[in-house]
1. Taking residue 184 as the residue in question, decide whether it is assigned by TED's automatic domain parsing to the domain that holds residue 8, modelled with pLDDT under 85, closer than 30 Å to residue 132 by Cα and surrounded by 16 or more Cβ atoms within 10 Å (Cβ to Cβ).
2. What are the residues in the stretch 19-41 that are within 19 Å of the chain's Cα centre (by Cα) and assigned to a strand (DSSP E or B), if any?
3. Can you tell me which residue within the stretch 198-209, out of those that are within 13 Å of the chain's Cα centre (by Cα) and either without any contact (Cβ under 8 Å) to a residue 12 or more places away in the chain or not in a strand (DSSP E or B) (or both), is surrounded by the most Cβ atoms within 10 Å (Cβ to Cβ)?
4. I need the full set of residues from the stretch 33-68 which are surrounded by fewer than 22 Cβ atoms within 10 Å (Cβ to Cβ), within 21 Å of residue 200 (Cα to Cα) and touching a helix residue (DSSP H, G or I) at 6+ places or on another chain (Cβ under 7 Å), in order please.
5. Here are 176, 168: which of them is modelled with pLDDT under 90 and surrounded by 16 or more Cβ atoms within 10 Å (Cβ to Cβ)?
6. Considering the stretch 42-78 alone, what residues qualify as being over 25 Å from residue 157 (Cα atoms) and assigned to a helix (DSSP H, G or I)?
7. Which number in (1) touching a strand residue (DSSP E or B) at 6+ places or on another chain (Cβ under 6 Å); (2) surrounded by 23 or more Cβ atoms within 10 Å (Cβ to Cβ) marks the one condition that residue 148 misses?
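The values are calculated or read from the model by the stated rules, or taken from the named source; none is laboratory data. Predicted, not measured: the structure shown is a model, and the values here were computed from it. Here Cβ is always computed from backbone atoms with ideal geometry, including for glycine, and neighbour counts include all displayed protein chains.
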């Protein structure tokens, strides 16, 4: 894939391969994610989707291949450096501080970019300058009325919305969303899907998602993985009619 120098692509993986004791979880995968788009990775169980996320965020080193972000080779970067570059991953299991308030969960995320997260000697009042941004983020995800509530008391769907707010607080250029609607009721699925669409105008989103109705609604481009390889790529209208994709889903089970 000759896409490394295409300015429209925020991230490009070339011939990406990851082997575990001889088994190729990802094999010779090319992936180009267009800037300010929503790109979905789908596929049956064992397709390599999570491994791809781990390779991009550098939680796993590739066996072969390269990864470029904004045209710069990040293949040898560690996870912390990748995050500083603007790639932030939201994990499948909600990652929040349950004993802290909803607002303070967002505050913790906001402290990192402003450099105050390790200034333990400072008064809490010194962080009040973040309050407007906290309220803005909570309002965006429908949690402003719950700002002073302990995060532990939120229903599951609202915890996912809080995680979304904390991810946005890090000002990512590229958001990797791992099953953002997993375990949600219909109303919460629609709310999170609307949020994803809303924020995609300012940033790029790469998501793993099994809810195909969400994928159909949101994704500009879909890459289908099967047995660690790219099976098909394109808009939902093409992917949904591809007989190889249909066969892969019928023959496999969801993660």
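1. Judged against the criteria, residue 184 is a match.
2. First pass over the stretch 19-41, keeping only residues within 19 Å of the chain's Cα centre (by Cα): 26, 29-41.
Selection gives 26, 29, 30, 31, 32, 33, 34, 38, 39, 40, 41.
3. Restricting to residues being within 13 Å of the chain's Cα centre (by Cα) and either without any contact (Cβ under 8 Å) to a residue 12 or more places away in the chain or not in a strand (DSSP E or B) (or both), the top hit is 209.
4. Result: 57, single match.
5. Values: 176 fails: modelled with pLDDT under 90.
Step by step, each of 176, 168 is checked, and only 168 is modelled with pLDDT under 90 and surrounded by 16 or more Cβ atoms within 10 Å (Cβ to Cβ).
6. 51, 52, 55, 56
7. Condition (2) is where residue 148 drops out.
Yes or no, residue by residue, for (1) under 19 Å from the mean Cα position of the chain (by Cα); (2) assigned to a helix (DSSP H, G or I); (3) modelled with pLDDT under 90; (4) closer than 18 Å to residue 183 by Cβ:
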{"position": "111", "(1), (2), (3), (4)": "no, yes, yes, no"}
{"position": "116", "(1), (2), (3), (4)": "no, no, yes, no"}
{"position": "121", "(1), (2), (3), (4)": "no, no, yes, no"}
{"position": "126", "(1), (2), (3), (4)": "no, yes, yes, no"}
{"position": "131", "(1), (2), (3), (4)": "no, yes, yes, no"}
{"position": "135", "(1), (2), (3), (4)": "no, yes, no, no"}
{"position": "139", "(1), (2), (3), (4)": "no, yes, no, no"}
{"position": "158", "(1), (2), (3), (4)": "yes, yes, yes, yes"}
